[in-house]
Amino acid sequence: MNTYRKLTEDEVLRLKSQSCLADDWEKVSVSEGFSTEFVHHTRFSGEVRLGVFQSEFTLAGGIRKHSGLRHVTLHNVTVGDNCCIENVQNYIANYEIGHDTFIENVDIILVDGLSRFGNGVEVSVLNETGGREVLINDKLSAHLAYIMALYRHRPELIARLKEITEFYANKHASAMGTIGDHVTIMNTGSIKNIRIGSHARIVGTCRLYNGSINSNEAAPVYIGDGVICDDFIISSGSHVDDGVMLTRCFVGQACKLGHNYSASDSLFFSNCQGENGEACAIFAGPFTVTHHKSTLLIAGMFSFMNAGSGSNQSNHMYKLGPIHQGTLERGAKTTSDSYILWPARVGAFSLVMGRHVNHSDTSNLPFSYLIEQNNTTYLVPGVNLRSVGTIRDAQKWPKRDGRKDPNKLDFINYNLLSPYTVQKMFKGRETLLNLRHASGELSDIYSFHSAKIRNSSLAKGIKFYEIAIHKFLGNSVIKRLEGIDFRNDDEIRARLRPDTSIGTGEWVDISGLIAPKSEIDALMDGIENGSVNKLKEINAEFERMHLNYYTYEWTWAYEKLEEFYGVKPEAMTATDIIRIVEKWKESVIGLDRMVYEDAKKEFSMASMTGFGADGSRLEKEMDFEQVRGDFESNPFVTAVLKHIEVKSALGDELIGRMKKVENK
């Protein structure tokens, strides 16, 4: 911390000779080592404290500028060491500025009255008319926002969450703003009631009003040309540029918004990307991506989602206003020119193609295609399990996590198969079997809610879900038994027994975090009864659930073994394990073969259309190979083949260990 002293008479005279003014020179104090040499054309008002000006800044193009104050008015401002502040058209008022910060060509930077810097702003997410408001704050996670928006049937919980957020917002309220260390603010319009973290870069920005930019050294924030933000919070590592307009928005960690994207009353969590299009009242969970000019996302909940160009939804049926909402569960995608009339709910990892106006709910039929033909929604259940695109997505998300901040706000589970999706497959399989039983095996078309399912699609859907359930349960058993040489069946049973009772029953995906519903309920009970009463404590509970995921997952899988295989786990033998692993091998290799065949379509002659522009078939093939490579050496294809090899060896190794027990 700097210690400050009053200016000497000699220093005051020198400052006056350098065209500096002060309402009261007694109120200007400086650090030891302060020199007047680099302070020119500066006006001081109110309490002002100045650090030393000893270092230089090297700017783009190689120009060097010495730290100091030039052509600026400061009112109630503390300036840290080695800052360069020049050409501020109006003034800087009520700010504490860190060290090594560079501010140039700015209109105005001020805090006016007591500000909470965006904390506690109400965002009317999902329902534009209100009723699902989320109070944003610096520590907001996707999971807490999910509970705040969707658990309105627990009014006591919502009241407590509002109280906790209000307490946090009021605790951080101040009439003084802060600009951190190593911050750059250049060629920018007005900055009013903004808290700016260290290492932020704000360049060419139009207007920032009432918000926090939570930048830090590990994960700097960049705010660029033409950006206008009102009532907002931008989290660490995010990049907002090129004319983006945000009103009442929360931007999570490592998000990228650019190319004139506009959003109001929306929440964007970790690793979201928004370009060109528009968002209104959306809940964009982790990895929600929209790139296209013509795309409008409105009143929807998304995560791990990619919106095709021209994707659109309607939340207004011209009756009681824009009150409808919808959900695309994790991993759902929309194709170009898709349209959904809310309310609707689309199951996890599903693909939406065409225009859908029938309010479908396919949440218990994940990995499906929703295809529109003649204004009718046709459902193809489970087919996305064999899609090369689905597998590629699952592999790319962890690699695209751009968060550098050691303090993660969102706890993201990337698993394609989890108790959350597999429980839906159990329900989906049962639904399809019941449909077939009710309408007869020879029906051409089956009706499910407001969608139609063709006979062949229904039969394949049952098969796909069974394969995926075999794969998940087999994976769980193999993981549980790996690396141990068992002497008898009792030792196998002892190892199979779960480590905890937590994990049985229903599981939920609360915007990226997959957890047992019982644990989420317990947390909500704790918030209601006051035993959990800080944002930090709530986030710690989410982290605990995330870290214990695999322990809880095994408890759930253990319970399902009897339901699916008809054998009580407590009576299981080595022979039963061998049967489960054989089934698992068959399923994994079968699914990989389907993915392999799906990938092969990308290398067919039809895919070569447009290659070898003016030549023969041979030239077409050669041109294609130069651009896309050949099928067998494609990295994804080789990874699939390697996966088959590795998984076969893994299964064979466990079968070998089980046979030793069997033969005793």
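The values are calculated or read from the model by the stated rules, or taken from the named source; none is laboratory data. Note that the structure is predicted; figures quoted are calculated from it, not measured. For neighbour counting, all protein chains shown are included, and Cβ atoms are generated from backbone atoms with ideal geometry for every residue, glycine included.
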Conditions (1) under 35 Å from the mean Cα position of the chain (by Cα); (2) in contact (Cβ under 8 Å) with a residue 24 or more places away in the chain -> E582 fails only (1)
Is it the case, given these coordinates, that E133 is crowded, with 17+ Cβ neighbours inside 10 Å and of a type in the set (D, E)?
yes
Looking at R14, R5, which one is basic (K, R) and in contact with a helix residue (DSSP H, G or I) (Cβ under 6 Å, 6 or more places away or on another chain)?
R14
Hits in region 253-297 (condition: among the aliphatic types (A, V, I, L, M) and in contact (Cβ under 8 Å) with a residue 40 or more places away in the chain)
A254, L267, A281, I282
Quick one: which strands (runs of 3 or more DSSP E) lie wholly within region 349-438 and hold at least 2 residues that are touching a strand residue (DSSP E or B) at 6+ places or on another chain (Cβ under 8 Å), of a type outside the set (A, V, I, L, M) and more than 16 Å from A332 (Cβ to Cβ)?
376-380
Exclusive hit being touching an Asp or Glu at 6+ places or on another chain (Cβ under 7 Å) and aromatic (F, W, Y), set Y446, Y378, Y420:
Y420
Cβ-Cβ distance below 9 Å, separation of 6 or more or different chains: which pairs start in region 541-555 with a residue that is more than 18 Å from E506 (Cα to Cα) and end on one that is assigned to a helix (DSSP H, G or I) and among the aliphatic types (A, V, I, L, M)?
E541/A522; E541/L523
Cβ-Cβ distance below 7 Å, separation of 6 or more or different chains: which pairs start in region 386-407 with a residue that is among the hydrophobic types (A, V, I, L, M, F, W, C) and end on one that is in a loop (DSSP other than H, G, I, E, B) and at pLDDT 90 or above?
A394/Y414; W397/F287; W397/F304; W397/Y414
The number of residues in region 290-299 that are surrounded by fewer than 24 Cβ atoms within 10 Å (Cβ to Cβ), not in a loop (DSSP other than H, G, I, E, B) and not β-branched (V, I, T) is 1
So in region 632-649, with the set limited to residues that are under 33 Å from the mean Cα position of the chain (by Cα) and among the hydrophobic types (A, V, I, L, M, F, W, C), which one is modelled with the lowest pLDDT?
F636
Any chance you could count how many residues in region 504-538 are under 14 Å from Y549 (Cα atoms) and either touching a strand residue (DSSP E or B) at 6+ places or on another chain (Cβ under 7 Å) or without any contact (Cβ under 8 Å) to a residue 12 or more places away in the chain (or both)?
7
In the set F232, F250, F287, the lone residue that is hydrophobic (A, V, I, L, M, F, W, C), in a loop (DSSP other than H, G, I, E, B) and buried (at least 23 other Cβ atoms within 10 Å of the Cβ) is F287
In region 500-534, residue surrounded by the most Cβ atoms within 10 Å (Cβ to Cβ) [restricted to those that are at negative phi and within 19 Å of the chain's Cα centre (by Cα)]
A515
For region 521-544, indicate whether the set of residues that are more than 30 Å from L140 (Cβ to Cβ) and modelled with pLDDT of 65 or more is non-empty.
no
Could you check region 170-208 and list, in sequence order, the residues that are not aliphatic (A, V, I, L, M) and not in a strand (DSSP E or B)?
N170, K171, H172, G180, D181, H182, G197, S198, H199, G204, T205, C206
Which residue pairs have Cβ atoms under 8 Å apart, sit 6 or more places apart or on different chains, and have a first residue in region 451-462 that is closer than 19 Å to V346 by Cβ and a second that is assigned to a helix (DSSP H, G or I) and aromatic (F, W, Y)?
none
Taking region 439-450 and keeping residues free of Cβ contacts under 8 Å to residues at least 40 places away in the same chain, part of a loop (DSSP other than H, G, I, E, B) and either touching a Pro at 6+ places or on another chain (Cβ under 7 Å) or not charged (D, E, K, R) (or both) leaves G440, L442, S443
Can you pull out the residues in region 300-325 that are out of contact with any Ser or Thr (no Cβ under 7 Å at 6 or more places or on another chain), modelled with pLDDT under 90 and either closer than 14 Å to T129 by Cα or part of a loop (DSSP other than H, G, I, E, B) (or both)?
N315, H316, M317, Y318, K319, L320, H324, Q325
